[in-house]
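Nothing in this text is a laboratory measurement; each read-out follows from the coordinates by a stated rule. Owing to the predicted nature of the structure, the values given are computational and were not obtained by experimental measurement. When we count neighbours, we look across all protein chains shown, and the Cβ atoms used for this are built from the backbone with ideal geometry, even at glycine.
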Amino acid sequence: MGRKMQRLVVFAVVGLFPSILYAQGSITGTVKDASGAVLPGVAVEASSPALIEKVRSAVTDGTGQYRIVDLRPGTYAVTFTLTGFSSVKREGIELAGSFTATVNADLQVGSVAETVTVSSQTPIVDVQSTRTERVMNSDVIAALPTGRTPMSLTTLIPGVVGFLGAQDVGGTDTLGAINGQFAIHGGSNNDMRTMTDGFYTGGNRSGLQYGNNQPNVGSTEEVSVNVAGNTAERAEGGILINFVPKTGGNQFTGSLFVSGTGSGLSSSNLTQRVKDLGFQTDVKVKKTYDVNPAFGGPIKKDKLWFFGSARFFGYQNYTGMFGNKNAGLKDVWIYVPDPSNPLFNDAYSRDGNLRLTWQVNPKNKLSVFWDSQFNANARKLATPPIGANSGAWRFRKRRPTNTGFIQLTRDSSPGRRR
């Protein structure tokens, strides 16, 4: 099957079945009257600035239960309305990851025009799911001194064990850790998966992390890491890392993350004892940088939003070796260290993405996401080919990695009435 046809198939599958990829947050509960009897037919509305449609609604069934599904991360207010009863409003409901918040209500006899506002603590225990999940929102990620990659963020979860170079300290091996793997609870590191908004971005074989895609944190609303209790549609039981892209909003917002360091801020442990062991120079950072702007907002309020981000990051690390003074000399095969030419690795990445969210009508929402990346790394050769100078490089370029998907989401909350 050609590459273009494969992309079309992927787009079609994601568009038709977005809900099978990764569960989003939801709100559920039971509504009763003052006597404790369940109330069917209660209109329940969940509103939040995170929703382009502003409000998602449902109606309680014959057992007084309701469920509003596929809700994006954010703060919600839930309103309960039924003729002959005073309305009840619950505020400050925080949703993150695939958390299901249980929000119950007791309605009192009265006028619908009367609204009782209840402020209480956000539910912190998900009693609807067996999944064990850790969620880091964009504010937490921005405050953490990490490499801002799936690997460096997953390392923060207690009990996680890294394999295949997954450990990255301060962004000094951000690209080298792309194919790193993690395990937890004695599981297999080959069962780890990385996703963007519920869509797998790795390969199609054991390990699935053998790819060049590096999710852009600047355009990420939150990162959820599932470590146990995955649902039945998962073919494996390992760690699942999901990056949820930002959608924009009715106000223009932006951010700029900049970090970096140089060799002047790196200390040296090159003692005489270390030199006696054969080390020629320090193995330390030459430089590292990360520039990550992001911006989004409304193209048309309540109808069409956008959010985009770019990321430029890279690093250079000294290898602990000097170049060869005799490099490039014909018929000279003796290695002579050149202290003026310390060798170092060089790696960099360039990334840009854009997400559009269109509220087609009250029931249907269309999201389009596209991300394009280019990664490359190189290292200086201690002994370059004959005729090359001592500063010769060996490049290992990687192909550009493009990730795109289209999601058509239909409001399928049980009992929905609008």
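Taking label positions 7 Å along the Cα-Cβ direction at both Lys363 and Asn190, the computed distance is 4.5 nm, reported to one decimal. What list do you get for Asp331, Asp139, Asp346 if you sort them by fewest beta carbons within 10 Å? Ordered by Cβ neighbours within 10 Å, fewest first: Asp331, Asp139, Asp346.
Shown for Ile68, Ile299: other C-beta atoms within 10 Å of each C-beta, ranked fewest to most, produce the order Ile299, Ile68.
I'd like to compare 359-365, 58-64: which one has the highest average count of other Cβ atoms within 10 Å, and what's the full order after that?
My ranking of the peptides, most packed first, is 58-64, 359-365.
Sorted ascending by nearby beta carbons within 10 Å, beginning with the fewest, Tyr200, Tyr315 become Tyr200, Tyr315.
Near Asp70, once Lys and Arg are set to +1 and Asp and Glu to -1 for all other residues with Cβ below 10 Å from its Cβ, the sum equals +3. In this structure, the residue pairs whose Cα-Cα separation is over 24 Å, taken from Lys286/Lys330; Lys246/Lys363; Lys32/Lys363, are Lys286/Lys330; Lys32/Lys363. Database remark: amide H of Val42 closer than 5 angstrom to the amide H of Thr60 (H placed geometrically; neighbours at sequence offset of 5 or more, or on other chains; Pro and chain starts carry no H).
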